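Shown next, in structure tokens, is the structure this report addresses.
The values are calculated or read from the model by the stated rules, or taken from the named source; none is laboratory data. Here the structure is a predicted model, which means the values were calculated and not measured. Ideal geometry is used to build each Cβ from the backbone, glycine not excepted, and the neighbour counts take in all protein chains shown. The area values use the complete protein model at the heavy-atom level, side chains included, leaving out ligands, DNA and RNA. Shrake-Rupley method; radii C 1.70, N 1.55, O 1.52, S 1.80 Å.
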Amino acid sequence: MKLNRLPILALAVAILAGSGCSSDDYNYGDKGYATLLFALDTDNQLNAGVIVRAAGETSIADALGVSYQNPSAADFTIELKDSDDEEVYKGALSGWDVKTPLPLGTYSVTATYDKDQVGFYPAGAPAFEGSTTFSVVEAKEYAVAIPVKLSNSILKVAYTDMFRNYFKAATVKAKSQGSSTEVTYDYNVTQGAFVTASNVTINYILTPSQAQGANAKDVTGSLTQSLDPRTCYTLTFDVENVGGVKKFTITLNEENLVDVPLGENGEIDLNDDQYKNNGETNN
């Protein structure tokens, strides 16, 4: 049996089935048992926040900003249970024996892939999960596709040109709750990183451009946000000029997180003349 929709993950049904056994190769005996082979199905899309395409989604590759390839289906773990919630099989998808006889009935199967490696791809790995239920109603070979989706988030950090006029350097670090790894973002590279979908604490240190005296002090801060799975987030650092009043802002997608006035009367005291053209004065 050939599935119509196996567009992304690399291991096709024929490979999962070993030599490609079919119902003609298997002795079903009293016709009370069926056999089963699995494949994984993903559309490779995720919620895009302000990175909007059709249906408000973007691809994992676009969110990361680098060339990306999904993990092999063989590396996923599956757990197959019967209608009584009894475990039939738990282990690597590649280890499932397609000749295993299954009694007629209803089953559920969950597929997961998670190396618990956050960070920039490929050192940072994606996490996927998904499940489906199906019924075995006659003695034959069944092919079941398990829909899987990204279960972690992608977080990228961006800086506007106006921001770069005022700050010559920025160190931004993100750490998910329960993770031992902190992701450090490069000021000169806009690239998404895999992070655990949970509360993420973001710390930042911003260095003003060629400031002197009291103005030379770094701007530091910390914020915590809850990130959803299968979602791309862009943390944007900006300096805005609204009605002649300049403000330092941080937004996460469309949500304003930090809004601080600049200048002599603001919380961050920056001399505007020093920060034109990234600290270089015009002659």
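Assorted remarks:
- Residues that are of a type outside the set (S, T, Y) and over 24 Å from K217 (Cα atoms), drawn from the stretch 170-182: K175, Q177, G178, E182
- Count - residues of the stretch 108-124 that are of a type in the set (A, V, I, L, M, F, W, C) and open to solvent by 10 Å² or more (accessible area, probe 1.4 Å): 3
- Within the stretch 146-172, the set of residues being assigned to a strand (DSSP E or B) and within 18 Å of T251 (Cβ to Cβ) comprises S153, I154, L155, K156, V157, A158, Y159, F167, A170, V172.
- Checked against the criterion of being part of a loop (DSSP other than H, G, I, E, B) and modelled with pLDDT of 90 or more, the candidates D228, D238 yield just one match: D228.
- For E79, the criteria (1) touching a residue at least 24 places away in the same chain (Cβ under 8 Å); (2) charged (D, E, K, R); (3) assigned to a loop (DSSP other than H, G, I, E, B) hold in every case but one, which is (3).
- Flag if P147 is in contact (Cβ under 8 Å) with a residue 60 or more places away in the chain and surrounded by fewer than 16 Cβ atoms within 10 Å (Cβ to Cβ): yes
- Residue check, A143 part of a strand (DSSP E or B), under 30 Å from Q191 (Cα atoms) and touching a Leu at 6+ places or on another chain (Cβ under 7 Å): no
- Scope the stretch 189-210; condition under 13 Å from L235 (Cα atoms), surrounded by fewer than 21 Cβ atoms within 10 Å (Cβ to Cβ), touching a Ser or Thr at 6+ places or on another chain (Cβ under 8 Å) and not hydroxyl-bearing (S, T, Y); matching residues: N203
- Subset of the stretch 172-188 (residues that are closer than 15 Å to A158 by Cα and open to solvent by less than 60 Å² (accessible area, probe 1.4 Å)): V172, A174, V183, Y185, Y187
- For the stretch 125-140, the set of residues classified as β-branched (V, I, T), open to solvent by 60 Å² or more (accessible area, probe 1.4 Å) and in a strand (DSSP E or B) consists of T133 only.
- Summed over the stretch 173-188, residues that are more than 14 Å from T234 (Cα to Cα) and not in a loop (DSSP other than H, G, I, E, B) total 4.
- Residues being surrounded by fewer than 16 Cβ atoms within 10 Å (Cβ to Cβ), in contact (Cβ under 8 Å) with a residue 40 or more places away in the chain and assigned to a strand (DSSP E or B) - total across the stretch 87-107: 1
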